[in-house]
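First the structure, in the form of structure tokens, and then the observations on it.
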Amino acid sequence: MGSRVFTISGQLKLFHGKPYRFNYKDVCFTVKDLVRNGDAWDRGVKQIVAYPDSDLFSVLKPNGFINQIQDLVECQRWKDNKIKVDGKWYDNEGYYLKDAEEAETDQLLLDSSCERSECELEGKLKAIDKVAQNAYDYLWLIAIVGFMGEKQQSSSLSYDSLACMMIANAWEILNEHPELKVHERMLSDCIEFLIEESKEYMDEELTWSSSKDDVFNAIKDYPMAGIFEDTVDELVETAPYNILKAWIQYDNNQELIIQSNVYKNACLYAIHSKKVDSYIEVNPKWTYYLCFDHFGLMRYLKEHLISYLQKR
């Protein structure tokens, strides 16, 4: 529409729903992500850097390298990033890992030998319908997956941050499906309250169509009062415990807390409950998987939340 969105000298390619910038120079090959900044895109941080002495640099074709790139895996830790080129995997510095076929074989062996495989975690998350007692349980999991995948946060997540992300996700879903607002009146009223507050007291005025990231950034540090505070309290009162019942079969919350702290049955997270600033700690065993497959998990959980609300 006549305004610059992004200017780039490298080439773009989309992997797992996210755009990346690939740049080949005589001195090195780099991959950077792109970050949304209002109506434009900004160059993000380096995900892969391969210098001339690396295995990856030697196989890239200066004029056709973009077509050689088949996949990119961005993880919570930079050193775990990897890129697939011509059927082979390379690490974040361009050193050869193994053929894709070898990697798949290794993964099959790993899955068959591990006490808990990634597929089993996926099964637990996809069995949410069996333990969910309200919409907040779905929103709780969606927030955790979003933090670990989209935002790649540390594995410690505060209840307040999770609650604000739950509201931001509900905001997005209810805007896309306004007919569901009648089923979640408290969330709808909270959103209306925050929209009104934003008109005078926030740096950016919010509307129902505001993006999830804009909503979260606007409310995460906003003083909690009135229905906003009541909603946050309601969101985190039972969801942390309900979800853990997929792994730990205890109705007593104190017992759930104790068992979660040793990751009983390889449960997704541990609850650290305090009088002030309670938080959860995501099981380190699952951080890579949540990062790698968060697009599929988010889509699945949102679809099931919408289905749950439609049946009410």
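The values are calculated or read from the model by the stated rules, or taken from the named source; none is laboratory data. Remember, it's a predicted structure, so these values are computed and weren't measured experimentally. Note that we place each Cβ from the backbone using ideal geometry, even for glycine, and neighbour counts take in every protein chain shown.
At a glance:
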{"quantity": "Hits in the stretch 72-88 - residues which are over 18 Å from the mean Cα position of the chain (by Cα) and assigned to a loop (DSSP other than H, G, I, E, B)", "calculated": "Asp86, Gly87"}
{"quantity": "Pick from the stretch 125-174, criterion among the small types (Gly, Ala, Ser) and not in a helix (DSSP H, G or I), ranking: modelled with the highest pLDDT", "calculated": "Ser158"}
{"quantity": "Residues that are touching a strand residue (DSSP E or B) at 6+ places or on another chain (Cβ under 7 Å), in contact (Cβ under 8 Å) with a residue 40 or more places away in the chain and charged (D, E, K, R), drawn from the stretch 8-64", "calculated": "Lys13, Lys18, Asp33, Asp55"}
{"quantity": "Residues being among the charged types (D, E, K, R) and within 17 Å of the chain's Cα centre (by Cα) - total across the stretch 293-312", "calculated": "4"}
{"quantity": "Any hit, the stretch 203-221, residues being in a helix (DSSP H, G or I) and hydroxyl-bearing (Ser, Thr, Tyr)", "calculated": "no"}
{"quantity": "Qualifying residue in the stretch 25-35 (condition: under 24 Å from the mean Cα position of the chain (by Cα) and modelled with pLDDT under 80)", "calculated": "yes"}
{"quantity": "Per-region count, the stretch 251-264, residues under 17 Å from Lys130 (Cβ atoms) and buried (at least 17 other Cβ atoms within 10 Å of the Cβ)", "calculated": "1"}
{"quantity": "Total residues in the stretch 261-301, condition in contact with a strand residue (DSSP E or B) (Cβ under 6 Å, 6 or more places away or on another chain) and among the hydroxyl-bearing types (Ser, Thr, Tyr)", "calculated": "2"}
{"quantity": "Of all residues in the stretch 218-250 being buried (at least 17 other Cβ atoms within 10 Å of the Cβ) and of a type in the set (S, T, N, Q), the one that is nearest to the chain's Cα centre (by Cα)", "calculated": "Asn242"}
{"quantity": "Residue in the stretch 277-292 that is outside any helix (DSSP H, G or I), of a type in the set (A, V, I, L, M), assigned by TED's automatic domain parsing to the domain that holds Ala163 and over 23 Å from the mean Cα position of the chain (by Cα) present", "calculated": "no"}
{"quantity": "Of all residues making up the stretch 293-312, the number that are within 24 Å of Val232 (Cα to Cα) and part of a loop (DSSP other than H, G, I, E, B)", "calculated": "1"}
{"quantity": "Test for Glu197: is it surrounded by fewer than 18 Cβ atoms within 10 Å (Cβ to Cβ) and in a helix (DSSP H, G or I)", "calculated": "no"}
{"quantity": "Hey, Ala239 under 18 Å from Asn169 (Cβ atoms) and touching a residue at least 60 places away in the same chain (Cβ under 8 Å) or not", "calculated": "yes"}
{"quantity": "Any hit, the stretch 53-71, residues being hydrophobic (A, V, I, L, M, F, W, C), part of a helix (DSSP H, G or I), at pLDDT 90 or above and surrounded by fewer than 16 Cβ atoms within 10 Å (Cβ to Cβ)", "calculated": "yes"}
